[in-house]
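The values are calculated or read from the model by the stated rules, or taken from the named source; none is laboratory data. This structure is a prediction, so every number in the text was calculated from the model and none was measured. Cβ atoms come from the backbone with ideal geometry, glycine included; neighbour counts cover every protein chain shown.
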Amino acid sequence: MSDDAAPHDGIDPAVPPSGAGCADCDAHDPPGWWVHLRRCAACGHVGCCDSSPAQHAAAHARTTGHPVVQSYEPGEDWFWDYEDEDFVDGPRLAPPTEHPADQPTPGPRGRVPADWLDHIHR
């Protein structure tokens, strides 16, 4: 996205991401795992995608009223609006704009079961 992209309501480009992985998966006991990560464009909450077992990014959008996320995957800068179920334009967000490059997908390392494909939403 470009710096001059028209801002979408509810996007705060200054707020940093909540961390390197899904905040909700990390907080579970035992901790969960994810397929891909999404970053809330309003508050920076990092959650797991709709293919992930727990779908925390969509749950965060529903419970907070923050519908817009940006991919938190390396090389991706697209925004998605859960409310409109469509891609939207957005500005550059505060860094970092992706999870650490050494973090595998799915991730994080050591928590993904060998049969992970049997646990994802398609």
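The strands (runs of 3 or more DSSP E) found entirely in the range 43-112 that carry 1 or more residues being under 22 Å from ASP26 (Cβ atoms) and of a type in the set (Ser, Thr, Tyr) are 68-71. Every condition in (1) farther than 21 Å from GLN103 by Cβ; (2) at pLDDT 95 or above; (3) touching a strand residue (DSSP E or B) at 6+ places or on another chain (Cβ under 6 Å); (4) surrounded by fewer than 18 Cβ atoms within 10 Å (Cβ to Cβ) holds for HIS8 except the one numbered (2).
Of the listed requirements (1) in a loop (DSSP other than H, G, I, E, B); (2) within 10 Å of the chain's Cα centre (by Cα); (3) of a type outside the set (S, T, N, Q), ARG38 misses just one: (1). Contact annotation: residue pairs with Cβ atoms under 7 Å, 6 or more positions apart or on different chains, pairing a residue in the range 13-38 that is within 16 Å of PRO74 (Cα to Cα) with a partner that is outside any loop (DSSP other than H, G, I, E, B) and among the small types (Gly, Ala, Ser), are GLY21/GLY107; CYS22/GLY47; TRP34/GLY107; ARG38/GLY47; ARG38/ALA57; ARG38/SER71.
Selection of the range 4-35 for residues being part of a loop (DSSP other than H, G, I, E, B) and closer than 14 Å to HIS121 by Cβ yields GLY32, TRP33, VAL35. Screening PHE87 on (1) in contact with a Phe, Trp or Tyr (Cβ under 8 Å, 6 or more places away or on another chain); (2) over 17 Å from HIS119 (Cβ atoms); (3) in contact (Cβ under 8 Å) with a residue 24 or more places away in the chain shows it passes everything except condition (3).
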